[in-house]
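Remarks on the structure that follows.
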Amino acid sequence: MLRGLSRTIVVGAALIAAIALGACRDTGNDDGKLFEISGKIFVFNYRLARATYVVTLRPLRPMGDGQVAVASFQDPAGGAPLVVEQKVWPKLDKVTLESPALTCIVKNKPYAIAISIKGADGAILQKIDTTLMSTEDQSVLPDRPLVIDQLYTANPDLVGHPDGKLPGEPKPDCSKGI
């Protein structure tokens, strides 16, 4: 009886030690990276006549409270970069960064994206630089949104123009982005 109890205690202690060591294991991420890019794409929303950058980050370590991801997207129309700041929510399994609406996207042209992860104190914890190329250009989108509200009411400006293209519609000046 005593022998069985001793064996149970030893096995229990070994299990506790294994669990403790497992909790302290090294993730193999010695380079200090907090996030990696898990996806990046241009989203062409035909219904809304809108294009945006979307970048998704995957955490490589537990995220801290108060962290912020700041993305600086090259403006395809030229001019200053488009900057987006997104709070990092520690319980989520990803961080999604989306730019404001874009114009002048050119097919097969690389556009720069710079991402900074900042701590609660504002210190930069990680920088990620990447580029993104589109397989389409802005001309695939209609001139105006095909719908005008949450009920997907057809845009009355496009009556008679099911492709969304309006003859004589002014186009954005894309000469600065080239």
Any hit, segment 145-155, residues being in contact with a Ser or Thr (Cβ under 8 Å, 6 or more places away or on another chain), open to solvent by less than 40 Å² (accessible area, probe 1.4 Å) and on the phi < 0 side of the Ramachandran plot: yes
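Restricted to segment 156-175, and to residues that are surrounded by 12 or more Cβ atoms within 10 Å (Cβ to Cβ) and farther than 20 Å from residue 43 by Cβ, which residue is nearest to the chain's Cα centre (by Cα)? If you could, list the steps in order and put the result at the bottom.
Within segment 156-175, the subset surrounded by 12 or more Cβ atoms within 10 Å (Cβ to Cβ) is 157-158, 161, 164-166, 169, 172, 174.
Right, trim to farther than 20 Å from residue 43 by Cβ and you get 157-158, 161, 165-166, 169.
Values: 157: 33, 158: 32, 161: 34, 165: 30, 166: 33, 169: 32 Å.
Checked segment 156-175; the qualifying residue nearest to the chain's Cα centre (by Cα) is 165.
What number of residues in segment 82-113 are over 19 Å from residue 172 (Cβ atoms) and open to solvent by 40 Å² or more (accessible area, probe 1.4 Å)?
Narrowing segment 82-113 to residues over 19 Å from residue 172 (Cβ atoms): 83-98, 108, 110, 112-113.
Filter again for open to solvent by 40 Å² or more (accessible area, probe 1.4 Å), leaving 83, 85-87, 89-94, 96, 98, 108, 110, 112.
Residues in segment 82-113 being over 19 Å from residue 172 (Cβ atoms) and open to solvent by 40 Å² or more (accessible area, probe 1.4 Å): 15 in total.
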Qualifying residue in segment 118-130 (condition: among the β-branched types (Val, Ile, Thr), at pLDDT below 95 and open to solvent by 70 Å² or more (accessible area, probe 1.4 Å)): no
Tabulated pairs, segment 35-56, first over 28 Å from residue 124 (Cα atoms), second acidic (Asp, Glu) and surrounded by 14 or more Cβ atoms within 10 Å (Cβ to Cβ), C-beta under 6 angstrom, 6+ apart or interchain: none
Single condition residue 55 does not satisfy, out of (1) part of a strand (DSSP E or B); (2) open to solvent by less than 60 Å² (accessible area, probe 1.4 Å); (3) over 26 Å from residue 142 (Cβ atoms); (4) hydrophobic (A, V, I, L, M, F, W, C): (3)
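For the structure I just gave you, tell me whether residue 127 is in contact with a Leu (Cβ under 9 Å, 6 or more places away or on another chain) and in contact (Cβ under 8 Å) with a residue 12 or more places away in the chain. Before you say what the answer is, go through the steps one by one.
Working: in contact with a Leu (Cβ under 9 Å, 6 or more places away or on another chain): no; in contact (Cβ under 8 Å) with a residue 12 or more places away in the chain: yes.
It is false that residue 127 is in contact with a Leu (Cβ under 9 Å, 6 or more places away or on another chain) and in contact (Cβ under 8 Å) with a residue 12 or more places away in the chain.
The values are calculated or read from the model by the stated rules, or taken from the named source; none is laboratory data. If you're wondering where the values come from, they're calculated on a predicted model, not measured in any experiment. Neighbour counts are summed over all protein chains in view; Cβ atoms, including those assigned to glycine, are modelled from backbone coordinates with ideal geometry. Side chains included, ligands, DNA and RNA excluded: accessible areas come from the protein's heavy atoms. Shrake-Rupley method; radii C 1.70, N 1.55, O 1.52, S 1.80 Å.
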